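The values are calculated or read from the model by the stated rules, or taken from the named source; none is laboratory data. Remember, it's a predicted structure, so these values are computed and weren't measured experimentally. All Cβ positions, glycine included, derive from the backbone under ideal geometry; neighbour counts span all protein chains shown.
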(Lines give C-alpha, C1' and ligand atoms only; values in the text may rest on other atoms or scores of the structure.)
Protein backbone atom coordinates (compact mmCIF):
# COMPACT_ATOMS: atom_id res chain seq x y z
CA UNK A 1 0.00 0.00 0.00
CA UNK A 2 3.04 2.27 0.14
CA UNK A 3 2.54 3.12 3.81
CA UNK A 4 5.62 2.98 5.99
CA UNK A 5 4.43 3.31 9.60
CA UNK A 6 7.90 3.35 11.19
CA UNK A 7 8.97 6.19 8.91
CA UNK A 8 5.87 8.16 9.87
CA UNK A 9 6.35 7.46 13.58
CA UNK A 10 9.97 8.64 13.34
CA UNK A 11 8.87 11.74 11.45
CA UNK A 12 6.24 12.58 14.06
CA UNK A 13 8.74 12.04 16.92
CA UNK A 14 11.23 14.39 15.28
CA UNK A 15 8.54 17.05 14.81
CA UNK A 16 7.55 16.78 18.45
CA UNK A 17 11.16 16.96 19.60
CA UNK A 18 11.78 19.96 17.37
CA UNK A 19 9.27 22.04 19.30
CA UNK A 20 10.92 24.73 21.37
CA UNK A 21 8.67 24.29 24.38
CA UNK A 22 9.76 21.14 26.17
CA UNK A 23 7.30 21.57 29.03
CA UNK A 24 4.72 19.31 27.39
CA UNK A 25 5.71 16.15 29.19
CA UNK A 26 8.57 14.57 31.05
CA UNK A 27 9.03 12.02 28.25
CA UNK A 28 9.58 14.76 25.67
CA UNK A 29 11.91 16.64 28.02
CA UNK A 30 13.80 13.42 28.66
CA UNK A 31 14.52 12.91 24.96
CA UNK A 32 15.31 16.55 24.27
CA UNK A 33 17.62 16.92 27.28
CA UNK A 34 19.38 13.66 26.47
CA UNK A 35 20.12 14.75 22.89
CA UNK A 36 21.04 18.31 23.88
CA UNK A 37 23.46 17.22 26.60
CA UNK A 38 25.12 14.62 24.38
CA UNK A 39 25.51 17.25 21.66
CA UNK A 40 27.14 19.61 24.18
CA UNK A 41 29.53 17.22 25.85
CA UNK A 42 29.62 13.94 23.98
CA UNK A 43 27.83 12.23 26.84
CA UNK A 44 25.30 13.09 29.53
CA UNK A 45 26.14 15.53 32.30
CA UNK A 46 24.10 13.77 35.00
CA UNK A 47 24.07 16.86 37.21
CA UNK A 48 22.07 18.77 34.60
CA UNK A 49 20.00 15.83 33.39
CA UNK A 50 17.87 15.48 36.52
CA UNK A 51 17.51 19.22 36.97
CA UNK A 52 16.27 19.68 33.42
CA UNK A 53 14.09 16.58 33.12
CA UNK A 54 12.61 16.16 36.61
CA UNK A 55 12.97 19.79 37.63
CA UNK A 56 11.63 21.03 34.26
CA UNK A 57 14.56 23.38 33.66
CA UNK A 58 14.40 24.57 37.30
CA UNK A 59 10.69 25.51 36.98
CA UNK A 60 9.21 22.62 38.98
CA UNK A 61 10.08 23.09 42.65
CA UNK A 62 8.35 19.87 43.69
CA UNK A 63 10.37 17.97 41.10
CA UNK A 64 13.58 19.66 42.23
CA UNK A 65 12.96 18.81 45.87
CA UNK A 66 12.27 15.19 44.89
CA UNK A 67 15.89 15.03 43.67
CA UNK A 68 17.39 16.05 47.03
CA UNK A 69 17.49 12.54 48.61
CA UNK A 70 19.13 11.12 45.48
CA UNK A 71 21.64 13.97 45.40
CA UNK A 72 22.54 13.45 49.05
CA UNK A 73 23.06 9.71 48.49
CA UNK A 74 25.23 10.38 45.43
CA UNK A 75 27.39 12.91 47.28
CA UNK A 76 27.72 10.60 50.30
CA UNK A 77 28.82 7.68 48.12
CA UNK A 78 31.23 9.79 46.07
CA UNK A 79 29.23 9.32 42.86
CA UNK A 80 28.45 12.99 42.34
CA UNK A 81 31.13 14.84 40.45
CA UNK A 82 31.42 18.58 40.88
CA UNK A 83 32.92 18.93 37.41
CA UNK A 84 32.05 17.71 33.95
CA UNK A 85 34.60 16.93 31.28
CA UNK A 86 33.31 16.66 27.73
CA UNK A 87 34.38 13.53 25.88
CA UNK A 88 37.24 13.73 23.40
CA UNK A 89 34.87 12.87 20.54
CA UNK A 90 32.29 15.58 21.28
CA UNK A 91 32.65 17.25 17.89
CA UNK A 92 32.14 13.96 16.05
CA UNK A 93 29.15 13.04 18.21
CA UNK A 94 27.59 16.47 17.64
CA UNK A 95 28.11 16.13 13.88
CA UNK A 96 26.47 12.68 13.84
CA UNK A 97 23.46 13.90 15.81
CA UNK A 98 23.04 16.93 13.57
CA UNK A 99 23.22 14.75 10.46
CA UNK A 100 20.57 12.38 11.80
CA UNK A 101 18.37 15.33 12.81
CA UNK A 102 18.76 16.91 9.34
CA UNK A 103 17.74 13.64 7.64
CA UNK A 104 14.71 13.26 9.92
CA UNK A 105 13.22 16.63 9.08
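Within the chain, which helices (runs of 4 or more DSSP H) (wholly inside it) include 2 or more residues that are modelled with pLDDT of 85 or more? Let's see the steps before the verdict.
Working: elements: 5-18, 26-41, 46-53, 61-66, 68-76, 90-104.
Qualifying helices (runs of 4 or more DSSP H): 26-41, 46-53, 61-66, 68-76, 90-104.
Pairs only if they're at least six apart or on different chains, beta carbon under 6 angstrom, first in the stretch 30-45 and on the phi > 0 side of the Ramachandran plot, second assigned to a helix (DSSP H, G or I); list them, first residue then second.
Pairs found: 42/90; 42/93.
What number of residues within the stretch 75-105 are more than 24 Å from residue 39 (Cβ to Cβ) and surrounded by 11 or more Cβ atoms within 10 Å (Cβ to Cβ)?
So the count comes out to 1.
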